[in-house]
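The values are calculated or read from the model by the stated rules, or taken from the named source; none is laboratory data. Treat the numbers as computed from the prediction; the structure is a model and nothing was measured. For neighbour counting, all protein chains shown are included, and Cβ atoms are generated from backbone atoms with ideal geometry for every residue, glycine included.
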Amino acid sequence: MFALSEDDLQKRLLGCGDGPACFNAQLTQRGGNVISVDPVYQFSSEQIRSRIEEVYPQIMSQMEQNADSYIWESIKDVAELGKVRMAAMQRFLSDYDSGLEAGRYISASLPNLPFQDQQFELALCSHFLFLYSEHFDLEQHIQGMKELCRAAAEVRVYPLLSLDSKPSKHLSAVIEALEAAGIRTSLQTVDYRFQRGATDMLIAHAV
């Protein structure tokens, strides 16, 4: 979904809003340099595991109800999706305690990240900004993007659709605000296909 090259995977990476995902664990295992931030990292592995078990049935039920909003190719159906996601969360949980100790998982959230200016070469934000356009207003999106651009030389955000599978109502205004602040932006089509219509990512380059 981020069109990551082998060169990209060698960069100092920041994952924003990563939650219980296994990207950090996988990249670390192959020698990468990545830090993930999410408010959920304030909790212990057992607390996160308990929360996953609590909400998992609800999430899968919602996926069943909205199955037509997704493209079932690489993943054939909701049942398989559930297995894939649970495997990813289990891999995260097996890495979480050691990752906390190593400083790879940090409890933080936009628009205030505990990092130096340009500490990272590349920041990735998946399924947070723009997706929750009804929960976070335009100013929160703008400040969040500016903070990511402060912390990283390049920022990639995907998807650019809101939960209703329509283009985010904030996207054009966010791009305009970033350009006005001297931050170069572009849209790039990616090969990843799951949410219908989610074909592009936003790329922002800090000044």
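For the range 1-44, taking the residues that are of a type in the set (Gly, Ala, Ser) and more than 14 Å from residue 102 (Cβ to Cβ), the one that is surrounded by the most Cβ atoms within 10 Å (Cβ to Cβ) is identified as 15. Candidates are the residues of the range 83-111 that are under 13 Å from residue 49 (Cβ atoms) and aliphatic (A, V, I, L, M); the one that is surrounded by the fewest Cβ atoms within 10 Å (Cβ to Cβ) is 86.
Residues that are acidic (Asp, Glu) and outside any strand (DSSP E or B) were ranked within the range 144-169; the one that is surrounded by the most Cβ atoms within 10 Å (Cβ to Cβ) is 147. Scanning the range 37-84 for residues that are outside any helix (DSSP H, G or I), of a type in the set (Ser, Thr, Tyr) and under 19 Å from the mean Cα position of the chain (by Cα) turns up just one, 70. A Cβ distance below 7 Å, combined with a sequence gap of six or more or placement on separate chains, defines the contacts here; from the range 113-136, residues that are part of a strand (DSSP E or B) reach residues that are of a type in the set (Asp, Glu) and surrounded by fewer than 22 Cβ atoms within 10 Å (Cβ to Cβ) in the pairs 121/154; 122/8; 122/154.
For residue 99, the stated conditions do not hold, so it cannot be described as under 19 Å from the mean Cα position of the chain (by Cα), over 29 Å from residue 112 (Cα atoms), of a type outside the set (A, V, I, L, M, F, W, C) and not in a strand (DSSP E or B). The residue that is nearest to residue 147 (Cα to Cα), among those in the range 170-196 that are of a type in the set (S, T, N, Q) and not in a helix (DSSP H, G or I), is 185.
Kindly evaluate residue 130 against the criterion of being in contact with a Lys or Arg (Cβ under 7 Å, 6 or more places away or on another chain), among the hydrophobic types (A, V, I, L, M, F, W, C) and modelled with pLDDT of 95 or more. So residue 130 does not fit the description; no.
Within the range 66-82, none of the residues are in contact with a strand residue (DSSP E or B) (Cβ under 9 Å, 6 or more places away or on another chain), of a type in the set (S, T, N, Q) and surrounded by 17 or more Cβ atoms within 10 Å (Cβ to Cβ).
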